[in-house]
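J.: Mind having a look at this structure? Questions to follow.
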Amino acid sequence: MTTPPSLAQKPGIQLIKNGAPSQIDLEHSYQRPGLRSTIIDIPMSSEEKPLTMGRFEMHPSVDFPFFYEYLEVKTIVTGKIIVKDEAGVRYEAEPGDIYVFTPPCLVIFQAESDGTAVYAGHRGPEASFLPGFEGTVATPGFTS
């Protein structure tokens, strides 16, 4: 698996069309049978403090726990994405709403979520969110 080059390589405009690049399926890599969720990471910059953006989709399926070790801003563009925090507080976001996940933060994306979001994370690309990932991922702080 090779990390794609960052987008910010030369001045100008770049348009990323919906559906490109193809997203990856999270069911296998996150060991959540029945999870209907896809994601793709796109490195924005290879600077000392990297920034990565991407697209996330979740459809009604199973809960999806994710542990944020970095700052991420996720904007809902279609549908509804529902999360709970470790204390069980429920948050529902609809188009135009923005989640800000400040680390360290365990987030449980709820099974009834059915929506799409775009995000920017203060990190380099996550291997498990890139095409060609073959491993599995355990979520710190979560037991099913």
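J.: Under a Cβ-only charge scheme (Lys and Arg +1, Asp and Glu -1), can you give me the dipole magnitude of the chain about the Cα centre, in debye to the nearest 20?
T.: Dipole about the Cα centre, nearest 20: 300 debye.
J.: Suppose R0 equals 25 Å; then what is the FRET efficiency for Ala20 and Thr136 from their Cβ-Cβ distance, rounded to the nearest 0.05?
T.: For R0 = 25 Å, the calculated efficiency reads 0.40.
J.: Pick from Gln31, Gln110, Gln23 the residue whose mean-square fluctuation is largest in a GNM of the chain, springs joining Cα atoms under 10 Å.
T.: Its mean-square fluctuation being the largest, the pick is Gln31.
J.: On to the next question. If you look for lysine pairs in the chain that are eight or more places apart or on different chains, how many of them have Cα atoms under 28 Å apart?
T.: Final tally of qualifying lysine pairs is 7.
J.: Taking +1 at the Cβ of each Lys and Arg and -1 at the Cβ of each Asp and Glu, which of Val137, Ser22, Thr102 sits farthest along the dipole of the chain towards its positive end, judged by Cα position relative to the Cα centre?
T.: Working it through, the farthest residue towards the positive pole turns out to be Ser22.
All of the numbers you see were taken from the coordinates with simple rules; none came from a lab. Not measured: the values here are computed from a predicted model. No Cβ is skipped: glycine too gets one built from the backbone with ideal geometry, and neighbour counts run over all protein chains shown.
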